[in-house]
Amino acid sequence: MGIIIKPIVTEKMTAQGEKLNRYGFIVDRGANKIQIKTAVEQMYNVSVAAVNTLNYHGKRKSRYTKSGMLRGRMNHFKKAYVTLAGEDKIDFYSNI
């Protein structure tokens, strides 16, 4: 599996992409900033100025059902916020 798992496409990230030229990705938990930078540059043919990462700890969830209480946990994952240099843009909807 590659370093980039999927892009984060939300209202907040779309606004940051338009104003600050910053895009979000869910990446492999073992990847470092240098690996993320090279993966984004190769995949989208852009130049990356900065990479910020954060580890997201999965929350515990529970719900009540007819058969009793079900307990579980969301998955852990790592986010990467990538700031592009210059006038580069990433269009996630180009191949739809």
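Among ILE8, ILE4, ILE26, ILE36, which is open to solvent by less than 40 Å² (accessible area, probe 1.4 Å) and in contact with a helix residue (DSSP H, G or I) (Cβ under 7 Å, 6 or more places away or on another chain)?
The unique qualifying residue is ILE4.
Within segment 1-33, count every residue that is closer than 11 Å to THR53 by Cβ and over 10 Å from the mean Cα position of the chain (by Cα).
4
Looking at segment 11-23 only, could you name the residues that are open to solvent by less than 80 Å² (accessible area, probe 1.4 Å) and either touching a residue at least 12 places away in the same chain (Cβ under 8 Å) or within 20 Å of SER47 (Cβ to Cβ) (or both)?
Residues satisfying the conditions are MET13, GLN16, GLY17, ASN21, ARG22, TYR23.
I'm trying to understand the selection: among the residues of segment 73-96, which are modelled with pLDDT of 90 or more, open to solvent by less than 90 Å² (accessible area, probe 1.4 Å) and hydrophobic (A, V, I, L, M, F, W, C)?
Once the filter is applied, which keeps residues that are modelled with pLDDT of 90 or more, open to solvent by less than 90 Å² (accessible area, probe 1.4 Å) and hydrophobic (A, V, I, L, M, F, W, C), segment 73-96 yields PHE77, ALA80, VAL82, LEU84, ALA85, ILE90.
Yes/no per residue for (1) farther than 18 Å from ILE4 by Cβ; (2) basic (Lys, Arg); (3) in a helix (DSSP H, G or I):
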site: GLY17; (1), (2), (3): no, no, yes
site: GLN35; (1), (2), (3): no, no, yes
site: ASN52; (1), (2), (3): no, no, no
site: TYR64; (1), (2), (3): yes, no, no
site: ALA80; (1), (2), (3): no, no, no
site: ASP91; (1), (2), (3): no, no, no
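The values are calculated or read from the model by the stated rules, or taken from the named source; none is laboratory data. On a predicted model such as this, the values are computed, not experimentally measured, just so you know. FYI the Cβ positions are ideal-geometry reconstructions off the backbone, even for glycines, and counts take in every protein chain you see. These area figures cover heavy atoms from the full protein model, side chains too; ligands, DNA and RNA do not enter into them. Shrake-Rupley method; radii C 1.70, N 1.55, O 1.52, S 1.80 Å.
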